[in-house]
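K.L.:
Please find one structure pasted underneath; my questions will follow.
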Amino acid sequence: MKIIVLMKQVANKDAVLRIGRDEKWIDESDIAHQTNESDGYALEEALRLKEAKGEGEVIVCTLGAQSAKSVLKDALARGADRAIHIINENENRLSPYQIAETIADAIRDENADLVFTGLQSDDASYGQTGVILAELLGIPHATIVIEVDHSNLDGNLRLKRELESGWYQWFSYQLPALLTIQSGISQIRYASLKGIMAAKKKEIREVAPSAKSFGAAQHIEKVYLPLKSKQTQMLGDGDAKRGAVELVEKLRTEVRVI
């Protein structure tokens, strides 16, 4: 079984974010980075499937700048077999379709049985790349996967999806397929010293993006911090009963909660 896991480098959750000079993205020149949270869970699930099957290969893939290679090295230390790095210094300027198209070109010849992605990225949070990628690869997909049945892996996969309003769905998928994994599906393993040493000998294949002329499907107009505003109104002019009447009226006519 061959499984490809898409992983992304994002700003550390504790980093102090500053808007870039062009106001198109954050200034990433002096901030720490980490692996996108749900991508880490996707990798863990891929490794567990390989272990349950007793054979196979887990390939991690990222699209990003040279610094994103640290995400791949960490994945290799955790147990992935090899990696694919699609070099792109301006990945945050690409739309989900452009990202999916570039990744599809890079992994199509691998003919993977499964492609895992995180549910969404911690920075842009579009949640679209995995779904679009499945369409481009011509394979079925399942979103918001919260459990995978490891007991039967002969040609199909049984999994549990999260739906709206607290509902869930068990569904069987024929392979190949693409799954977007929800955070918290399992307990993520740490990279061992043995794994870190072994990762140094594992392949990281660099791929240049295909020279296609992408259509401008979407673009970021401006990135900005939410504006904080505060407005205080004095009701009743010191009269508690009058203030209560005015408060009820505002809740009824302006806020519309009663």
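K.L.:
Given the structure, is ILE144 under 25 Å from LYS50 (Cα atoms), touching an Asp or Glu at 6+ places or on another chain (Cβ under 8 Å) and β-branched (Val, Ile, Thr)?
P.N.:
yes
K.L.:
Can you name every residue in region 140-181 that is of a type in the set (Ser, Thr, Tyr) and touching a helix residue (DSSP H, G or I) at 6+ places or on another chain (Cβ under 7 Å)?
P.N.:
Here is the first cut: in region 140-181, the ones of a type in the set (Ser, Thr, Tyr) are 143, 151, 165, 168, 172-173, 180.
Residues satisfying the conditions are THR143, THR180.
K.L.:
Considering each of ILE188, ILE220 in turn, give the residue that is in a loop (DSSP other than H, G, I, E, B) and assigned by TED's automatic domain parsing to the domain that holds SER125.
P.N.:
The match here is ILE188.
K.L.:
While we're here: From SER172, SER229, SER183, which residue is at pLDDT below 85 and among the hydroxyl-bearing types (Ser, Thr, Tyr)?
P.N.:
SER229
K.L.:
Restrict the check to region 126-139 and report whether at least one residue is assigned to a strand (DSSP E or B), in contact with a helix residue (DSSP H, G or I) (Cβ under 8 Å, 6 or more places away or on another chain) and surrounded by 17 or more Cβ atoms within 10 Å (Cβ to Cβ).
P.N.:
no
K.L.:
Sticking with this one: Mind checking which residues of region 5-26 are among the basic types (Lys, Arg) and either modelled with pLDDT of 90 or more or not assigned by TED's automatic domain parsing to the domain that holds LYS53 (or both)?
P.N.:
Hit for region 5-26 is LYS8, nothing else.
K.L.:
Of the residues LYS53, LYS2, which is modelled with pLDDT under 90, under 30 Å from LEU175 (Cβ atoms), basic (Lys, Arg) and surrounded by 14 or more Cβ atoms within 10 Å (Cβ to Cβ)?
P.N.:
Only one candidate passes the filter, namely LYS53.
K.L.:
Being among the small types (Gly, Ala, Ser) and in contact with a His (Cβ under 7 Å, 6 or more places away or on another chain) is true for just one of ALA134, ALA104, ALA124. Which residue is that?
P.N.:
Step by step, each of ALA134, ALA104, ALA124 is checked, and only ALA134 is among the small types (Gly, Ala, Ser) and in contact with a His (Cβ under 7 Å, 6 or more places away or on another chain).
K.L.:
Okay, moving on. Could you list, in sequence order, the residues of region 152-181 that are without any contact (Cβ under 8 Å) to a residue 24 or more places away in the chain and part of a loop (DSSP other than H, G, I, E, B)?
P.N.:
Those that are without any contact (Cβ under 8 Å) to a residue 24 or more places away in the chain and part of a loop (DSSP other than H, G, I, E, B): ASN152, ASP154, GLY155, LEU163, TRP167.
K.L.:
Sticking with this one: Name the single residue, out of those in region 207-216 being modelled with pLDDT of 65 or more and not β-branched (Val, Ile, Thr), that is surrounded by the most Cβ atoms within 10 Å (Cβ to Cβ).
P.N.:
The residue in question is PRO209.
K.L.:
Moving on. Please give the number of the condition ARG78 fails out of (1) surrounded by fewer than 17 Cβ atoms within 10 Å (Cβ to Cβ); (2) over 22 Å from LEU133 (Cβ atoms); (3) not hydrophobic (A, V, I, L, M, F, W, C).
P.N.:
ARG78 satisfies all of (1) surrounded by fewer than 17 Cβ atoms within 10 Å (Cβ to Cβ); (2) over 22 Å from LEU133 (Cβ atoms); (3) not hydrophobic (A, V, I, L, M, F, W, C) except (1).
For (1) under 30 Å from ILE220 (Cβ atoms); (2) touching a Lys or Arg at 6+ places or on another chain (Cβ under 8 Å); (3) among the charged types (D, E, K, R), each residue gets a yes or a no:
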site	(1), (2), (3)
ILE99	yes, no, no
SER125	yes, no, no
HIS150	no, yes, no
GLU162	yes, no, yes
GLN187	no, no, no
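K.L.:
Here is a further query. Evaluate region 147-156: report whether one residue or more is surrounded by 20 or more Cβ atoms within 10 Å (Cβ to Cβ), closer than 30 Å to ILE31 by Cα and not aromatic (Phe, Trp, Tyr).
P.N.:
no
Conditions tested, residue by residue: (1) in a strand (DSSP E or B); (2) more than 21 Å from ALA199 (Cβ to Cβ).
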residue: ILE59; (1), (2): yes, no
residue: LEU63; (1), (2): yes, no
residue: LEU76; (1), (2): no, no
residue: ILE86; (1), (2): yes, no
residue: ILE99; (1), (2): no, yes
residue: ILE107; (1), (2): no, no
residue: PHE116; (1), (2): yes, no
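K.L.:
Given the criterion within 23 Å of MET7 (Cα to Cα) and loosely packed, with under 10 Cβ neighbours inside 10 Å, identify the matching residue among LEU159, LEU193, LEU175.
P.N.:
Residue meeting the stated conditions: LEU193.
The values are calculated or read from the model by the stated rules, or taken from the named source; none is laboratory data. In this text, all values refer to a predicted model and were calculated from it rather than measured experimentally. Heads up, the Cβs are rebuilt from the backbone with ideal geometry, glycines too, and the neighbour counts pull from every protein chain shown.
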